[in-house]
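Here the structure comes first, spelled out in structure tokens, and everything after it is commentary.
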Amino acid sequence: MPQIRLTTPLTDEVVEKLRIGQRVLLNGVLYTARDAAHKKMVELLDRGEKLPIPLEGQVIYYVGPSPAKPGRVIGSAGPTTSGRMDPYAPRLIALGLKGMIGKGKRSPEVIKAIKQYKAVYFAAVGGAAALLARAIKSCRVVAYPELGPEAIHELIVEDFPVIVVNDVLGADLYDEGVKIYAGR
Amino acid sequence: MRLIDAATITATVAELCQKANYELGEDVLRAFNEALEQEISLTGKDVLQQLLENARIAREEQVPMCQDTGFAVVFLEIGQEVMITGGDLYEAVNEGVRRGYRDGYLRKSIVDHPLRRKNTGDNTPAVIHTRIVPGDKLRIVVAPKGGGSENMSGLRMLKPAEGVEGVKNFVIEQVRAAGPNPCPPVVVGVGIGGTFEKAALLAKEALLRPLGQPHPDAEIAALEKELLEAINNLGIGPQGLGGRITALAVHVEVYPCHIASLPVAVNINCHASRHKEAVL
């Protein structure tokens, strides 16, 4: 299958062209965040304060890596279930977040925000955590170190493999895929 | 009477925690290869290839196959002629989990209280199931269980009149509703009968059976086959991206139950169907 190579940060022009089912190799910076970090970021926004990471054009990877063995950049690092971030994601998308990487279905509110603000939701293969870690070339904590594996890390990735699941048209690969293969 | 030192139990549990997380069983690898042959979706095939490659890297480099290295679920079958010396049995198991997760660079995913939610920092306590059996051996099974798939599990107290059709509908609906979340292709453990808690434990124990080994009772084995086919007709596919192979196996365990009851529990495991055992 053909693959599209992209570099972050992503622009509207790039995101608009992506369609569900396409395989993408991501390069550049990704920020990690799970529910605890999302909750803290939204609390900052509620108080009118500045976020610890830029959002404009950025991509957030929903992951809580295992500890790095000595001499390694990061431990195993596959995606976690995205649904837990659904209550927070539309707010970040409205502020310029362009991409999210995780696994599992998003809420109608997230899908609507993806369409409205031109963003994209990618799936990485859940459980392929040792394989995905190989594409991560550097890792440093940039916020909330007290959260341990749930801290916000800045990752630099090379050809990190993902699949487009929700695109700017509002399409959902999880729904479409099931329709194609059910009963076959 | 045979004496087993608590320190031996600790060392064994520590090793099993690491092995279970690094080395996917041959039965699961075989099931991946069979799934790769049967899968018709190109995306599905690609996912299965990534999973095979991932398992190879994890084993060769001795790193966890998944970053969610799980809740340490430990089954102990204790021979009634065994006497544990040199310490508290459960503390020995927990110390093994502590060491295994620390020394093996496994993620610590346990919070101390379901509502206060502070990480215990060492992945303890384990969930320990103990059974007393005849003999003078101690069998230890460590089955690290990930949160994503555990969250998609469920239990229903059916009316006996709903019968086997009710059971099938509940199991299939549970897998359908789970969709992509439990990291398909999944292994589906089903417990039918017993009481509320017995059904749940049967479903968990069903996940420990090697893939490709049907239930010894022909009627239950036929039910497993029928459920697997129905689940693989849902179209969910590897990672829920559409395809044939939604489940690698369905394992059913049964137990006698009350005249008024028909409990059914479904425990879903992700494709990282991890468990390792040792006999002392």
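The values are calculated or read from the model by the stated rules, or taken from the named source; none is laboratory data. Predicted model, so just to flag it, every value in this text is computed and none were measured. Reconstructed Cβ throughout: ideal geometry from the backbone, glycine too, with neighbour counts over all protein chains shown. Each accessible area value is taken on the protein alone, full model and side chains, heavy atoms only, with ligands, DNA and RNA left out. Shrake-Rupley method; radii C 1.70, N 1.55, O 1.52, S 1.80 Å.
In the stretch B:77-88, the qualifying residues are those that are in contact with a Gly (Cβ under 8 Å, 6 or more places away or on another chain) and under 25 Å from B:Lys198 (Cα atoms), and the one that is most open to solvent (accessible area, probe 1.4 Å) is B:Gln80.
Quick check on the stretch B:36-54. Is at least one of its residues within 10 Å of chain A (Cβ to nearest Cβ), modelled with pLDDT of 95 or more, buried (at least 20 other Cβ atoms within 10 Å of the Cβ) and not in a helix (DSSP H, G or I)? Checking the stretch B:36-54: at least one residue is within 10 Å of chain A (Cβ to nearest Cβ), modelled with pLDDT of 95 or more, buried (at least 20 other Cβ atoms within 10 Å of the Cβ) and not in a helix (DSSP H, G or I).
Taking the listed residues B:Glu60, B:Glu91, the one that is assigned to a helix (DSSP H, G or I), open to solvent by 60 Å² or more (accessible area, probe 1.4 Å) and within 14 Å of chain A (Cβ to nearest Cβ) is B:Glu60, with no other qualifying.
Checking each residue in the stretch B:227-242 for being in contact (Cβ under 8 Å) with a residue 40 or more places away in the chain and within 10 Å of another protein chain (Cβ to nearest Cβ) picks out B:Leu234, B:Ile236, B:Gly237, B:Pro238, B:Gln239, B:Gly240, B:Leu241, B:Gly242. A single member of B:Ile245, B:Ile259, B:Ile268 is among the aliphatic types (A, V, I, L, M), touching a residue at least 40 places away in the same chain (Cβ under 8 Å) and under 30 Å from B:Thr12 (Cβ atoms), and it is B:Ile268. Does A:Tyr117 meet the test of being in contact (Cβ under 8 Å) with a residue 12 or more places away in the chain, surrounded by fewer than 24 Cβ atoms within 10 Å (Cβ to Cβ), farther than 23 Å from A:Pro65 by Cα and among the hydroxyl-bearing types (Ser, Thr, Tyr)? Yes: the conditions hold for A:Tyr117. If you filter the stretch B:213-245 down to residues that are aliphatic (A, V, I, L, M) and assigned to a loop (DSSP other than H, G, I, E, B), you find that the one that is surrounded by the most Cβ atoms within 10 Å (Cβ to Cβ) is B:Ile236. Among the conditions (1) surrounded by 19 or more Cβ atoms within 10 Å (Cβ to Cβ); (2) part of a helix (DSSP H, G or I), the only one that B:Cys66 does not satisfy is (2).
When the stretch A:120-131 is filtered for residues that are open to solvent by less than 30 Å² (accessible area, probe 1.4 Å) and facing chain B (nearest Cβ under 8 Å), the ones remaining, listed by number, are A:Ala123, A:Val125, A:Gly126, A:Gly127, A:Ala128, A:Ala129, A:Ala130. Scan the stretch B:207-216 and tell me whether some residue there is on the phi > 0 side of the Ramachandran plot, small (Gly, Ala, Ser) and more than 14 Å from chain A (Cβ to nearest Cβ). Yes, some residue in the stretch B:207-216 is on the phi > 0 side of the Ramachandran plot, small (Gly, Ala, Ser) and more than 14 Å from chain A (Cβ to nearest Cβ). Does A:Val73 meet the test of being in contact with a strand residue (DSSP E or B) (Cβ under 9 Å, 6 or more places away or on another chain), within 14 Å of chain B (Cβ to nearest Cβ) and within 21 Å of A:Val24 (Cα to Cα)? Taking the combined requirement at face value, the residue does not satisfy it. Residue count for the stretch B:262-280 under the criterion of being under 12 Å from the mean Cα position of the chain (by Cα), assigned to a loop (DSSP other than H, G, I, E, B) and hydrophobic (A, V, I, L, M, F, W, C): the result is 2. Selection over the stretch A:6-60 of residues that are part of a helix (DSSP H, G or I), open to solvent by 30 Å² or more (accessible area, probe 1.4 Å) and within 14 Å of A:Val120 (Cβ to Cβ) gives a count of 5. With respect to B:Ile259, determine if the residue is surrounded by fewer than 21 Cβ atoms within 10 Å (Cβ to Cβ) and in a loop (DSSP other than H, G, I, E, B). Judged against the criteria, B:Ile259 is a match. Residues considered: A:Lys103, A:Lys98. Of these, the only one that is within 17 Å of A:Val24 (Cβ to Cβ), open to solvent by less than 60 Å² (accessible area, probe 1.4 Å) and within 14 Å of chain B (Cβ to nearest Cβ) is A:Lys103. Note on the stretch A:133-184: among residues that are without any contact (Cβ under 8 Å) to a residue 24 or more places away in the chain and more than 13 Å from chain B (Cβ to nearest Cβ), the one that is surrounded by the most Cβ atoms within 10 Å (Cβ to Cβ) is A:Val141.
Residue-by-condition table, conditions (1) over 19 Å from the mean Cα position of the chain (by Cα); (2) more than 23 Å from B:Glu15 (Cβ to Cβ):
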site	(1), (2)
B:Gln62	yes, no
B:Glu77	no, no
B:Met83	yes, no
B:Glu91	yes, no
B:Gly96	yes, no
B:Leu106	no, no
B:Lys118	yes, yes
B:Asn123	no, no
